Amino acid sequence: MEIDTHHDRAVKILLIRLRLIGDVVFTTPAIRALRQRFPDAELVYLVERAAAPVLSENQHLTKLIIAERPRGFRRVIYDLQLAQRLRAERFDAVIDFHGGPRSNWLTWATRAQTRIGYSMPYKRWPYTHLVKRPVQTEPRHSVMNQWDLLSSLDKSFSARPDPQRDPVEMNGNIRTALSVFKTLNTNDLIRKSITGRARDEQKIDIVVIHVRVGTPFRQWPVEFFIETIVNLATFDPELRFVVTSDPSDPSTTNQIITEVHARTGRATPLVTSADHFGVAELRSLINNAALFIGGDSGPLHIAATTTTPIVGIYGPTLPARSSPWRNPALITESVDVGELPCRPCDQRHCEPGDFRCLRTLPAIKVISATKRALTNRLARNLAT
């Protein structure tokens with residue numbers, strides 16, 4: 001299929017992916033590929049505010065359009081106005097990476113000549129070009145599912161994406177990096193880590209641990225995080241830990257900090273929190289860390305845009321579908337609960353609060369993977 005270029009302006013392509021941070025990260029290989037194929041095109045991305053920082057410094061995009069999420073009847077008025085704005089942009093093509101009801105309607109409302117989306121029951125009507133999801137005999141990564149939509153735009157996209165050639169990306173900027181450095185420099189524990197000096201003149205490595213995910217189905221128990229930190233602090237006394245969580249839930253990080261210090265009996269602080277960091281600040285923190293640990297959520301996939309070693313924790317989801325999509329040469333450990341008849345989970349069968357797949361994933365498995373990652377990192381540093 002060819003995009004109509006019979007007009008006196010650059011080709012305009014709208015990309016839509018609403019909602020979750022990790023899902024937006026998964027579209028970044030496709031963004032880069034589109035820019036390489038259409039170097040002069042205007043690439044515009046419609047995204048909700050929470051995930052916008054993932055794309056705000058993306059050099060392949062011409063601009064972002066932020067879709068707000070007002071409640072009630074205000075949503076109807078807002079979306080009508082947003083639809084008018086999108087139609088006025090006169091896009092030549094729209095790729096709906098999302099496939100939800102809202103993105104369905106907004107795709108149709110653009111009136112673009114080419115509108116590409118997934119062929120799913122009751123959701124085909126907005127599109128001029130439908131992409132069937134392949135029959136899956138094996139789990140398939142979400143990046144590949146996003147990439148499939150490009151094939152309707154150009155045959156050159158028929159080749160599968162490769163994590164080494166087509167990794168996820170999120171760019172930082174010096175302003176954010178300086179802001180993070182300034183904030184952390186007021187914390188004695190972190191300041192010593194950044195400057196690389198402690199009392200004994202040894203470098204202190206930071207381990208960033210994200211302890212709260214967006215859905216309880218993917219929440220590893222808090223007591224397991226505590227056990228992991230206590231064990232790692234014994235394994236390497238020079239490690240320091242920064243715990244991050246949802247800013248609206250500081251109680252979790254406070255509980256972890258209190259429990260770890262009580263169990264270790266260390267006079268020197270081991271753990272601090274960075275709950276107040278936004279998406280861009282979190283990436284800057286992870287980018288300067290020795291290691292990241294976290295469940296299958298947005299921060300894990302933000303970490304994948306750095307070269308920092310990663311330990312991902314998987315219960316209801318499968319690493320084959322949502323592991324960090326980056327160069328395989330980078331240190332990445334995926335720890336999951338193993339074979340269960342209910343995996344991957346549709347989140348409809350567990351009793352509220354009884355998510356056994358993660359409760360049966362013991363801390364020792366994450367601890368072992370973390371020690372492996374730290375040892376491999378040290379070996380690589382010594383080799384260079």
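Test of understanding: ordering Trp108, Trp325, Trp125 by Cβ neighbours within 10 Å, fewest first, what list do you get?
The most exposed by this proxy come first: Trp125, Trp108, Trp325.
Whose amide H sits under 5 Å from the amide H of Val131, counting only residues 5 or more places off or on another chain, with H placed in the peptide plane?
When sequence neighbours closer than 5 places are left aside, the close amide H contacts are Gly117, Tyr118, Ser119.
Once amide H atoms are placed 1.01 Å from N in the peptide plane, what residues at a sequence separation of 5 or more from Ile65, or on another chain, have their amide H within under 5 Å of its amide H?
Under 5 Å from the amide H of Ile65: Tyr45, Leu46, Val47.
Under 21 Å between alpha carbons: how many lysine pairs meet that in region 12-158, if sequence neighbours fewer than 8 apart on the same chain are excluded?
Summing the qualifying lysine pairs gives 4.
Expressed as a rounded percentage, what relative contact order does the chain have, with Cα pairs under 8 Å and six or more residues apart?
With pairs under 8 Å counted, the relative contact order is 15 percent.
Quick one: which of 310-318, 168-176 comes out on top by average Cβ neighbours within 10 Å, and what's the full order, highest first?
Put in order of decreasing packing, that is 310-318, 168-176.
Ranking Trp105, Trp220, Trp147 by Cβ neighbours within 10 Å, fewest first, what do you get?
With the fewest neighbours first, Trp105, Trp220, Trp147 line up as Trp105, Trp147, Trp220.
Please report, in whole Å, how far the alpha carbons of region 12-158 spread along each principal axis, starting with the longest.
Principal extents (Cα only, largest first): 43, 35, 29 Å.
For the ranges 46-52, 326-332, what's the packing order if you count other beta-carbon atoms within 10 Å of each residue, average per peptide, and put the highest first?
Answer by packing, highest mean first, reads 46-52, 326-332.
For labels at Ala320 and Lys132 in the simple 7 Å Cα→Cβ model, what's the distance in nm?
Output for this residue pair reads 2.1 nm.
Could you grab the relative contact order for region 16-85? Cα pairs under 8 Å, six or more apart, rounded to a whole percent.
Answer for region 16-85 is 31 percent.
Classify the chain as rounded, prolate or oblate from the Cα gyration tensor: take a ≥ b ≥ c as the square roots of its eigenvalues, call it rounded if a/c is under 1.5, otherwise prolate when a/b beats b/c and oblate if not.
prolate
Quote to one decimal, in nm, the extra length available between Gln81 and Leu330 on full extension: 0.36 nm per residue of separation minus the C-alpha distance between them.
Roughly 85.2 nm would be gained on extension.
I need Thr258, Thr253 ordered by Cβ neighbour count within 10 Å, fewest first.
Ascending number of Cβ neighbours within 10 Å: Thr258, Thr253.
Across 10 Å bins from 0, what is the distribution of all Cα-Cα pair distances for region 106-153, in whole percents?
Over region 106-153, the share of Cα pairs per 10 Å bin runs 25, 51, 21, 3 percent.
What FRET efficiency, computed as 1/(1 + (r/R0)^6) with R0 = 41 Å and r the Cβ-Cβ distance, is obtained for Trp125 and His276, rounded to the nearest 0.05?
0.40
Every number here is computed from the coordinates shown, using simple stated rules; none is lab data. Note that this is a predicted model, so its numbers are computed, not measured. Cβ: placed from backbone, ideal geometry, glycine included. Neighbour counts: every protein chain shown.
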